[in-house]
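Here the structure comes first, spelled out in structure tokens, and everything after it is commentary.
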Amino acid sequence: MKKSTFLRLICPRCRNLQIVFGKSSMNVKCLKCNYLLARKSGGKARLRAQVHEVLWN
């Protein structure tokens, strides 16, 4: 079982799809509208957007 994954998120503001690492150590913003999609934390990123797909590779 994998411990970390990549996630495809949907921005709630502009509906843009963006790929984010599940254990991101930086804040991740939408490339189109600059909305904060994921906040950094000690381990897993705190998501502020809906997960569209989990990418296992």
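Tell me, please, whether a residue that is part of a strand (DSSP E or B) and in contact (Cβ under 8 Å) with a residue 40 or more places away in the chain can be found in region 34-46. Looking through region 34-46, none of the residues is part of a strand (DSSP E or B) and in contact (Cβ under 8 Å) with a residue 40 or more places away in the chain. Restricted to region 32-53, and to residues there that are farther than 17 Å from Cys11 by Cβ and not polar (S, T, N, Q), the residue that is modelled with the lowest pLDDT is Gly42. The condition of being hydrophobic (A, V, I, L, M, F, W, C) and in contact with a Ser or Thr (Cβ under 7 Å, 6 or more places away or on another chain) holds for only one of Ala49, Ala38, that being Ala38. Restricting attention to region 26-57 and to residues that are under 9 Å from the mean Cα position of the chain (by Cα) and among the β-branched types (Val, Ile, Thr), the residue that is surrounded by the fewest Cβ atoms within 10 Å (Cβ to Cβ) turns out to be Val51. Of the residues contained in region 12-25, none is found to be part of a loop (DSSP other than H, G, I, E, B), modelled with pLDDT of 95 or more, among the polar types (S, T, N, Q) and loosely packed, with under 15 Cβ neighbours inside 10 Å.
The values are calculated or read from the model by the stated rules, or taken from the named source; none is laboratory data. The shown structure was predicted, so the numbers you read here are calculated from the model rather than taken from an experiment. Neighbour counts run over all protein chains shown; Cβ positions are idealised from the backbone, glycine included.
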